[in-house]
Amino acid sequence: MATPIPLSTVLSFEAQPDLYEPVADWTDATHYAPIKPLDDYTPQDHARLAWEILRRMPLYRLHLKELQALGIPHHFLYGRHSYLTGRHLGQVQDWERISVLGHVCNPPASPRQRTLKAYVYDKPEGGWHVVNRNMWVREYWGLEKLPAWRKAWDARWSAASLFTSPAQRVAQGVTRSAGRKSHPVVNVGANEVLLAFRLDVPVEPQLRAAKQVLEECRRQAIAVAPASSIPVSGTKGAWRPLRDPLTMESLGCTAGVLLKQLELHPLWLRVWDAWQVARQEQGTAHPRLARAEIIGRFRSDYAAILQGAAGKTLVDTLATKHQRRTKAVTLWDALEQALRPAMVPKWQARGEKYIERSAEAYRQVAALSFASG
């Protein structure tokens, strides 16, 4: 049996440098969103930022790489269904021949259990389920589709067309008898919780109560998050498809990432892309960056803000409230402080934190694309 290798090793630059390619030419500002106050952000702006973070994430790229290697182009396991349990077998023709290779099985399938017949042989009828890996990846990232990471933001996209809403209406109970509740049958994921709200009670107190419930559920979920390593054979040049789901939680990541200065996100996205160019050129995960060149390019690209009226716009109150600022500042102040050579390592660290070390920043920004506007 192959020796388990930690996910951090699987995702490392040394093991798979192709997961760390830049997505755009960092020297060309037109490949990135313009810098503007958060007050001017629309749901489309937040959705674009969420996509820019996601498509740079090594784990998302690995998920796509795995699906391609396994030959799983769509999210259907059989017919128009994405998952199978024991109760489906009587409804599926030739179910014995359905391949489970590469799909997400609970409990996990052994290497020899390549078909559904072999997989269910030693399992009770209600004690297993199989989920199409393509669908599992979609649900893990909260996506309606799985765009290739090389695809730039498409202006025709929207939050609703790309991401699944973090809060969705499951059902509105309709009863014929007073005092009796309906019991809708719904599927709730392992990373979801189902809450009931009343339509005859004010919204705000219910939201405050729901927040406490959600925070408690998140604490419990983090406490029991799986920390198992992923079985992989070989290293660089000998990659093979992984059998078990890969999650950021396997890295020991926790919630609570604080989003800082989102209005300046083009800076840390550009620095991250420049960092990947240096990684590829220098052949190391920790290359040297030309700080003066980067800042010189930024000052030239954002001269209109530094020198013009646009820089006098106040950074919004949302930033003041949620990013621990003690006072409102202008966009000029924020950018002037940011465009110094000593800040390059900070932008580099922020990009690494938001893109490589946690999925929390992506999930927060994706949620903002539904909450803003």
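The values are calculated or read from the model by the stated rules, or taken from the named source; none is laboratory data. Worth saying up front: this structure is predicted, and the values here are computed from it rather than measured. Cβ sites come from the backbone with ideal geometry, for glycine too, and all protein chains shown count toward neighbours. In case anyone asks, the SASA skips ligands and DNA or RNA and just uses the protein heavy atoms, side chains included. Shrake-Rupley method; radii C 1.70, N 1.55, O 1.52, S 1.80 Å.
Key figures
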| quantity | calculated |
| --- | --- |
| Test set (1) exposed (fewer than 14 other Cβ atoms within 10 Å of the Cβ); (2) out of contact with any Gly (no Cβ under 9 Å at 6 or more places or on another chain); (3) in a helix (DSSP H, G or I) - residue 14 fails condition number | (3) |
| Residue match in the stretch 312-322 (condition: closer than 24 Å to residue 140 by Cβ, open to solvent by 40 Å² or more (accessible area, probe 1.4 Å), modelled with pLDDT under 90 and under 23 Å from the mean Cα position of the chain (by Cα)) | no |
| First in the stretch 77-91 and at pLDDT 80 or above and buried (at least 16 other Cβ atoms within 10 Å of the Cβ), second anywhere and assigned to a strand (DSSP E or B) and not hydrophobic (A, V, I, L, M, F, W, C), Cβ under 8 Å, 6 or more apart | 77/83; 83/129; 84/78; 84/129 |
| Criterion (touching a Gly at 6+ places or on another chain (Cβ under 8 Å) and either farther than 18 Å from residue 20 by Cβ or surrounded by fewer than 22 Cβ atoms within 10 Å (Cβ to Cβ) (or both)) met by exactly one of 37, 43, 73 | 43 |
| Of all residues making up the stretch 334-357, the number that are open to solvent by 40 Å² or more (accessible area, probe 1.4 Å), among the hydrophobic types (A, V, I, L, M, F, W, C) and within 24 Å of residue 60 (Cβ to Cβ) | 1 |
| Qualifying residue in the stretch 225-244 (condition: surrounded by fewer than 16 Cβ atoms within 10 Å (Cβ to Cβ) and at pLDDT 80 or above) | no |
| Subset of the stretch 133-149 [in a loop (DSSP other than H, G, I, E, B) and within 15 Å of residue 64 (Cβ to Cβ)] | 145, 146, 147, 148, 149 |
| Selection from the stretch 55-114 of residues that are β-branched (Val, Ile, Thr) and closer than 29 Å to residue 361 by Cα | 72, 104 |
| Residue satisfying condition, being among the hydrophobic types (A, V, I, L, M, F, W, C), touching a Pro at 6+ places or on another chain (Cβ under 8 Å), modelled with pLDDT of 80 or more and surrounded by fewer than 15 Cβ atoms within 10 Å (Cβ to Cβ), within set 278, 285, 304, 292 | 292 |
| Per-region count, the stretch 113-151, residues among the hydroxyl-bearing types (Ser, Thr, Tyr) and either touching a residue at least 60 places away in the same chain (Cβ under 8 Å) or under 18 Å from residue 76 (Cα atoms) (or both) | 2 |
| Per-region count, the stretch 285-304, residues without any contact (Cβ under 8 Å) to a residue 24 or more places away in the chain and closer than 17 Å to residue 15 by Cα | 2 |
| Test: residue in the stretch 113-122 that is out of contact with any Ser or Thr (no Cβ under 8 Å at 6 or more places or on another chain), part of a strand (DSSP E or B) and either open to solvent by 40 Å² or more (accessible area, probe 1.4 Å) or among the basic types (Lys, Arg) (or both) | no |
| Scan of the stretch 123-147 for residues that are open to solvent by less than 60 Å² (accessible area, probe 1.4 Å) and within 30 Å of residue 45 (Cα to Cα), ordered by number | 133, 134, 135, 136, 137, 138, 140, 141, 142, 143, 146, 147 |
| Tally of residues being assigned to a loop (DSSP other than H, G, I, E, B), farther than 30 Å from residue 60 by Cβ and not basic (Lys, Arg) across the stretch 82-112 | 3 |
| Matching residues in the stretch 151-170 - criterion: being in a loop (DSSP other than H, G, I, E, B), surrounded by 11 or more Cβ atoms within 10 Å (Cβ to Cβ) and not aliphatic (A, V, I, L, M) | 151, 153, 154, 157, 158, 164, 165, 166 |
| Residues of the stretch 46-70 classified as open to solvent by 20 Å² or more (accessible area, probe 1.4 Å) and in contact with an Asp or Glu (Cβ under 9 Å, 6 or more places away or on another chain), total | 1 |
